[in-house]
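One structure is given below, encoded as structure tokens.
The values are calculated or read from the model by the stated rules, or taken from the named source; none is laboratory data. Remember, it's a predicted structure, so these values are computed and weren't measured experimentally. Cβ placement follows ideal geometry from the backbone for every residue including glycine, while neighbour counts extend to all protein chains displayed.
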Amino acid sequence: MTFNRSIKIAPSILSADFANFGAECEAIEAQGADWVHVDVMDGHFVPNITFGPATCAAIRPHIKGVMDVHLMIAPVDPYIEAFANAGADVITAHVEAGPHIHRTMQAIRGAGAKAGVALNPATPASAVEYLLDMVDLVCVMTVNPGFGGQKFIHSQVEKVRQLRAMIGDRPIHIEIDGGVDPTTAPLVANAGADVLVAGSAVFRGGSVLDPAPYGANIRSIREAATSIEV
Ligand SMILES: O=C(CO)[C@@H](O)[C@H](O)COP(=O)(O)O
Ligand SMILES: [Fe+2]
């Protein structure tokens, strides 16, 4: 995985057909997805449960590009190696998930994956100030984590702007997660984000049997993010 600051669309399979993950991953990549975003939830750090490393390993052969694993679990450190072994390219852990996020980032890179750090909406940008020499991605949650289909929290746009200024020229992606659609994508792209996660706004209207709407949805988010000055 090389660093490239152009806009990347990362559909979240939280909005896919859970009985058909392999085919769904293939369909979204064929329809123009840049990364595949995989939401892991434990029913403890967030009030919802999804799946673990075994499911990630099972879908890995169905993803040609980047598998972007978002861990909404606490504790996180005991599971990093398992997700790296499952084939995650990027592993993102939450600042709020434990007291030793610096060690967590070291462990992710040590396991051979790119290190991502996520911030809940109430967590300030300054929480990652002393991590910038050891992360590859900062994920700004624009909803409270746990569920797809929630409303974008507009106060987070300013946080994205602050992070972009803090990051400067470092090769660090700013990822936006939650409520991304063609109306919110330009706000965060103009503030400095380059990876846009979208679940409901990508999967809406399509299926593995009729995947064309996935492509149209991805294109409208990308076009909105790249062509509109706000
Ligand atoms: O991590 C999460 C939710 O906790 C996300 O990745 C969601 O899956 C995004 O879904 P939409 O808001 O785009 O529907
Ligand atoms: Fe996510």
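Summary of values
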{"item": "Any chance I108 is part of a helix (DSSP H, G or I), crowded, with 16+ Cβ neighbours inside 10 Å and in contact with a helix residue (DSSP H, G or I) (Cβ under 7 Å, 6 or more places away or on another chain)", "result": "yes"}
{"item": "Criterion violated by G22 - all others in (1) in contact with a Pro (Cβ under 9 Å, 6 or more places away or on another chain); (2) more than 18 Å from G206 (Cβ to Cβ) satisfied", "result": "(2)"}
{"item": "Restricting the range 168-213 to residues that are farther than 21 Å from F21 by Cβ, away from ligand 1 (no atom under 13 Å from the Cβ) and small (G, A, S), the residue that is surrounded by the most Cβ atoms within 10 Å (Cβ to Cβ)", "result": "A193"}
{"item": "Single residue of V69, V95 found to be more than 14 Å from ligand 1 (Cβ to nearest atom) and among the β-branched types (V, I, T)", "result": "V95"}
{"item": "Meets criteria (farther than 22 Å from D17 by Cβ, among the β-branched types (V, I, T) and crowded, with 21+ Cβ neighbours inside 10 Å) for V95", "result": "no"}
{"item": "Residue ID - nearest to V143 (Cα to Cα), chosen from residues in the range 51-79 that are surrounded by fewer than 21 Cβ atoms within 10 Å (Cβ to Cβ) and among the hydrophobic types (A, V, I, L, M, F, W, C)", "result": "A74"}
{"item": "Verdict on R204 being in contact with a strand residue (DSSP E or B) (Cβ under 9 Å, 6 or more places away or on another chain), of a type in the set (K, R) and modelled with pLDDT of 95 or more", "result": "no"}
{"item": "Cβ pairs under 6 Å, 6+ apart, first in the range 138-155 and within 13 Å of P124 (Cα to Cα) and free of Cβ contacts under 8 Å to residues at least 60 places away in the same chain, second part of a loop (DSSP other than H, G, I, E, B) and near ligand 1 (Cβ under 6 Å from one of its atoms)", "result": "M141/G178; T142/G178; T142/G179"}
{"item": "Qualifying residue in the range 154-161 (condition: closer than 23 Å to I13 by Cβ, of a type outside the set (A, V, I, L, M, F, W, C) and under 13 Å from the mean Cα position of the chain (by Cα))", "result": "no"}
{"item": "Tabulated pairs, the range 1-23, first more than 14 Å from G199 (Cα to Cα), second modelled with pLDDT under 95 and assigned to a loop (DSSP other than H, G, I, E, B), C-beta under 7 angstrom, 6+ apart or interchain", "result": "none"}
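Yes/no matrix, rows are residues, columns are (1) surrounded by fewer than 20 Cβ atoms within 10 Å (Cβ to Cβ); (2) closer than 18 Å to A185 by Cα:
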| position | (1), (2) |
| --- | --- |
| K8 | no, yes |
| D39 | no, no |
| D42 | yes, no |
| V46 | no, no |
| I49 | yes, no |
